[in-house]
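Below: the structure, in structure tokens.
The values are calculated or read from the model by the stated rules, or taken from the named source; none is laboratory data. These numbers come from a predicted model, not from an experiment. Here Cβ is always computed from backbone atoms with ideal geometry, including for glycine, and neighbour counts include all displayed protein chains.
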């Protein structure tokens, strides 16, 4: 079953008088439960694609389906409701609210959910802080936590809504190598235990090395899909598209 399906998606931005073609005819489906990395150089379109999957932005044309529901024409309020129920986010800068404790940061996205009682919110906060190993730091504010601990709080916050998808934009970029590996191991365990789909936008080879699916992008196009061979951990890469020739040649 596809948790995300993308059909002939284009995304254009206006930069002054110039039109920037951020994404060019993306067609792709993502199966539930994968640990997937989107890689490519800066400007390749990977963050734009992540924002479209996360319903933060809308395509210029084409369709995007989340759990087989067409989100391309939904209103901002409808998209916000979808995000609050189905999509968790992890950012490289953590994006924690500095005046709130770790527990309050995890609870924060649940507050707009009228279907979740205060008792259920507390259960979820306690459960997911325990999963990321931070129960004893529940009352600490972000400035009292290390970078790795702050990212663990961000992971717990993303999971608290019990999402189908967690989107992570360069989640290890502001962490040292050892802490980055710990965070990746934690997310991989959660992926296997909860069957949550993780989708990363990344330059980090450590992230790519832990993924079981890989998408390579360049100049707004998907250029290759990869599936990891579980026997020898090598990638079976299939190039799907040649890039257009440069006008300078």
Q: Evaluate the following for residue 133: is it outside any helix (DSSP H, G or I) and surrounded by fewer than 21 Cβ atoms within 10 Å (Cβ to Cβ)?
A: yes
Q | Selection status of residue 186, buried (at least 16 other Cβ atoms within 10 Å of the Cβ) and either outside any helix (DSSP H, G or I) or free of Cβ contacts under 8 Å to residues at least 24 places away in the same chain (or both) | A | no
Q.
Condition (residue is within 24 Å of residue 172 (Cβ to Cβ) and touching a helix residue (DSSP H, G or I) at 6+ places or on another chain (Cβ under 8 Å)) applied to the range 57-68: is it met by at least one residue?
A. yes
Q: Answer yes if at least one residue in the range 161-173 is in contact with a helix residue (DSSP H, G or I) (Cβ under 6 Å, 6 or more places away or on another chain), in a helix (DSSP H, G or I), within 20 Å of residue 3 (Cα to Cα) and modelled with pLDDT of 95 or more, and no otherwise.
A: no
Q. Could you say which residue among 141, 152 is buried (at least 20 other Cβ atoms within 10 Å of the Cβ) and touching a helix residue (DSSP H, G or I) at 6+ places or on another chain (Cβ under 8 Å)?
A. 152
(Q) If I go through the range 48-90 residue by residue, how many of them are in a strand (DSSP E or B) and surrounded by fewer than 17 Cβ atoms within 10 Å (Cβ to Cβ)? (A) 5
Q. Is at least one residue of the range 8-28 in a loop (DSSP other than H, G, I, E, B) and buried (at least 21 other Cβ atoms within 10 Å of the Cβ)?
A. no
(Q) Given the condition touching a helix residue (DSSP H, G or I) at 6+ places or on another chain (Cβ under 7 Å), touching a residue at least 12 places away in the same chain (Cβ under 8 Å) and either surrounded by 21 or more Cβ atoms within 10 Å (Cβ to Cβ) or in a strand (DSSP E or B) (or both), answer yes or no: does some residue in the range 29-37 qualify? (A) yes
Q: Go through 106, 125 for me and flag whichever is in contact (Cβ under 8 Å) with a residue 24 or more places away in the chain, closer than 18 Å to residue 168 by Cβ and assigned to a helix (DSSP H, G or I).
A: 106
